[in-house]
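The values are calculated or read from the model by the stated rules, or taken from the named source; none is laboratory data. Predicted model only: the values in this text are computed from it and were never measured. Cβ: placed from backbone, ideal geometry, glycine included. Neighbour counts: every protein chain shown.
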Ligand SMILES: *C/C=C(C)/C=C/C=C(C)/C=C/C1=C(C)CCCC1(C)C
């Protein structure tokens, strides 16, 4: 009874999400009537918007399949893709209408979604053991330094190189925490195998998947290429990175949650 009630609630939630997204999508679509087939960047914005919408519905519905302590992690994965999908509609419009890089939308999106992704490390560990708030705060500080410096560099407020270096330092601080800091110790010492392997995959994404962004920044701002070519490179690279780091990251958590919930 309770379970079927819960599953109806989840389905209604997923439907509501789609209803909320649809008008945004329709508005974006009218603005994009002139999306050209040879506009690689515009098409990549479009395809990824749809993948993000689908992933959102999937993560929300799947919360019903896993044990209670995993539901928050899956919900957060769905929020990440929901927030990103909405930003992608707007980013695509900016790109199609002007050919400009939608830097402000991109960074508002990152400022919301990257902290949510960092919270996931904290959540999957606290689903299985006691964890200190310090882990959460250190990951947040690293994130803010990385993103604020990156934004100032892309907006041209400070030099592209100094901003790059400070932002890289923020990223390395995050990597330190999850490979050698308290978070990594808690995972190695107290987490069951499925959670440990999810933790390891997630931190590998933070190194390899996230490395795509500084590469995009480098190609976009630091090679001295023609502005139009650099803008294409920058946006295609950032868009591909988001597929790995938002949808892929969520799928890893989903797999750990399902395997932990199905056993016993
Ligand atoms: C969903 C969005 C995600 C996971 C975005 C992550 C963004 C980064 C890891 C950005 C990193 C950057 C550097 C490490 C240096 C150059 C500037 C940035 C902001 C592109």
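Odds and ends about this structure:
- Qualifying residue in the range 181-203 (condition: within 11 Å of the ligand (Cβ to nearest atom) and farther than 29 Å from residue 58 by Cα): no
- For the range 151-196, the set of residues classified as surrounded by fewer than 17 Cβ atoms within 10 Å (Cβ to Cβ) and not in a helix (DSSP H, G or I) consists of 156, 157, 158, 159, 180, 192, listed by residue number.
- Residues located in the range 110-127, provided they are within 10 Å of the ligand (Cβ to nearest atom) and within 17 Å of residue 207 (Cβ to Cβ): 114, 117, 118
- Screening residue 223 on (1) within 16 Å of the ligand (Cβ to nearest atom); (2) over 28 Å from residue 57 (Cα atoms); (3) crowded, with 21+ Cβ neighbours inside 10 Å shows it passes everything except condition (3).
- Among the residues of the range 128-147, the one identified as more than 30 Å from residue 194 (Cβ to Cβ) and within 9 Å of the ligand (Cβ to nearest atom) is 147.
- Meets criteria (within 16 Å of the ligand (Cβ to nearest atom), modelled with pLDDT of 95 or more and in a helix (DSSP H, G or I)) for residue 63: no
- Total residues in the range 96-109, condition near the ligand (Cβ under 9 Å from one of its atoms) and farther than 14 Å from residue 81 by Cα: 1
- Residues that are surrounded by fewer than 20 Cβ atoms within 10 Å (Cβ to Cβ), more than 11 Å from the ligand (Cβ to nearest atom) and in contact (Cβ under 8 Å) with a residue 12 or more places away in the chain do not occur anywhere in the range 210-218.
- Hey, residue 153 near the ligand (Cβ under 10 Å from one of its atoms) and more than 17 Å from residue 219 (Cα to Cα) or not: no
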